[in-house]
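In what follows, a structure is listed as structure tokens, so that the remarks can point back to it.
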Amino acid sequence: MIWSKVIQEIMFFSLTGPGIVGNIFIFVLHVCTFVMGPDKKPVNLILIHLAFSNMIIICSIGIREIAIIAYFRNFLDDYSCKTVIYLRRMARGLSICTTCLLSMVQAITISPRSNLWRKLKPQTAWQVLPYLLLFWIINSLISSNLLYYITAVSSMNGSGTEIHTVNCYMLPSRQEVRWLFLFLMALRDVIFQSLMGWSSGHMAFHLYKHHKQVLYLHRSRIANNSSPEIRATLSTLNLMICFLVFYWADFMFSVYTGSTLRHDFMKLNIKTFLELGYAVLSPLVLISRDVNIAKSGRAH
């Protein structure tokens, strides 16, 4: 038990530390670029929102994990439980929607100018704000059941309070309510992941065409002269792959743990890793994106 706790602490802090630092870096970088730059690019605002959503995910999971590691049974009261679990669920939805928006904008950006999809591209950063506001409204409503059904373990008198976390418990709800919110979450995920899949396929096809067009160039010249647009497209595609891998791994593992109805330390650690994975790794992909674009800009 001592070694399992040590491993849990090491894994937790090795994930949350770089994740928080990376997302703060992306957030500050693009806020400065957006505020002080001559052009208010929509992508800057989208990346600011994505980094902010990721920070909420990491912080909300971090509060829960600190309580688990330190065995603080009464660490969270009812209000804190509702807030932490609600923010985590909502931020996860915001991350899905924002990642999809980033993918769509990048896919439309590399489309031919004659393509009808180019008319849907936000021309200014302020045109992105209605989309972000809509994401907040959608995910706030989808997660609203948690504000009623989540309570603190300290206020429970029965056993079996390990169903949700060490500190928080989800009260039983009517079957109609449960299936309604599950349906809304599934519908959101299907719609946004379908759009994400379409845009990722479009970007992959464009990169393939670009590769065929430059085959006659020397390989080193291709690497050095890739346009910032191509580099941004490639990094966005890597971000989509990262998201899909962690999303579906988390989904399948959740189905497995839900069917076994057993929650040991190993499963909790794997679940924490999958929940934090995208929020921690996405800023590294974005930092690499910004560095490569900056190098390409200086080369040109």
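Brief remarks follow.
- Members of region 239-252 that are surrounded by fewer than 17 Cβ atoms within 10 Å (Cβ to Cβ) and within 17 Å of Leu281 (Cβ to Cβ): Ile241, Leu244, Val245, Trp248, Ala249
- Subset tally (residues that are in contact with a Phe, Trp or Tyr (Cβ under 9 Å, 6 or more places away or on another chain) and assigned to a loop (DSSP other than H, G, I, E, B)) for region 28-54: 2
- Yes/no for Leu184 being aliphatic (A, V, I, L, M), within 18 Å of Ile46 (Cβ to Cβ), outside any loop (DSSP other than H, G, I, E, B) and at pLDDT 90 or above: no
- Qualifying residue in region 248-267 (condition: more than 21 Å from the chain's Cα centre (by Cα), at pLDDT below 75 and among the aromatic types (Phe, Trp, Tyr)): yes
- Taking the numbered list (1) polar (S, T, N, Q); (2) outside any helix (DSSP H, G or I); (3) modelled with pLDDT of 90 or more in turn, Gln193 passes all entries but (2).
- Within region 161-180, if we keep just the residues that are under 20 Å from Lys271 (Cβ atoms) and outside any helix (DSSP H, G or I), the residue that is modelled with the highest pLDDT turns out to be Met170.
- All positions within region 34-59 that are among the polar types (S, T, N, Q) and either exposed (fewer than 14 other Cβ atoms within 10 Å of the Cβ) or over 18 Å from Pro122 (Cα atoms) (or both): Ser53, Asn54
- Screening Gly158 with (1) modelled with pLDDT of 90 or more; (2) exposed (fewer than 11 other Cβ atoms within 10 Å of the Cβ) gives one miss only, at (1).
- Qualifying positions in region 63-86 - surrounded by fewer than 22 Cβ atoms within 10 Å (Cβ to Cβ), at pLDDT 80 or above and touching a helix residue (DSSP H, G or I) at 6+ places or on another chain (Cβ under 6 Å): Lys82, Tyr86
The values are calculated or read from the model by the stated rules, or taken from the named source; none is laboratory data. Here the structure is a predicted model, which is why all the values come from computation and not from measurement. Don't worry about glycine lacking a Cβ; one is built from the backbone with ideal geometry, like all the others, and counts go over all protein chains shown.
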